[in-house]
Amino acid sequence: MKVSPFPTPSLPQNQYEKRGKFTPPTSTLICSGDADRGVPTWLASEKSGSRLGSSEGYYDLFLKNYQELTKKRRWKQPLLIGLSYSVQIMEEGAMPVTPFDIPVDALVSPAGFTPTSTAALRRCD
């Protein structure tokens, strides 16, 4: 099993627009191999796996690009796991969710392991 924590982005000041919104950097995604699991950073999640991040879409863009790369290279999609305290797991509709948000496949908290996708359910067997 390979577990890949996604790095916290460190961006130069010019990556931010005057309004304070994040402008995703144009960069190349370099990967030497696939990952079985990933642990993206986040502030809160709904029980369905929708997550509220803190980087104005940085991880969503990274995850979208990585998912496209796994399809291109015929790698297995990584299982995205959200680690949290139970208080960070919200009811459905409590957070703003956009079509660009990439949800986690499972939530892990002191209350236990909660699969939120069919991919996570398949790996539980």
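Please determine whether any residue of the range 92-101 is within 19 Å of residue 38 (Cα to Cα), surrounded by 14 or more Cβ atoms within 10 Å (Cβ to Cβ) and touching a Leu at 6+ places or on another chain (Cβ under 8 Å).
no
Name the residues in the range 43-78 that are crowded, with 17+ Cβ neighbours inside 10 Å, at pLDDT 85 or above and charged (D, E, K, R), would you?
46, 51
Which residues, counting only those in the range 76-109, are of a type outside the set (A, V, I, L, M, F, W, C) and out of contact with any Ser or Thr (no Cβ under 8 Å at 6 or more places or on another chain)?
Passing the criteria: 91, 93, 96, 98, 99.
The values are calculated or read from the model by the stated rules, or taken from the named source; none is laboratory data. Bear in mind the structure is a predicted one, so any value in this text is a computation, not a measurement. Virtual Cβ from ideal backbone geometry, glycine too; neighbours counted across all protein chains shown.
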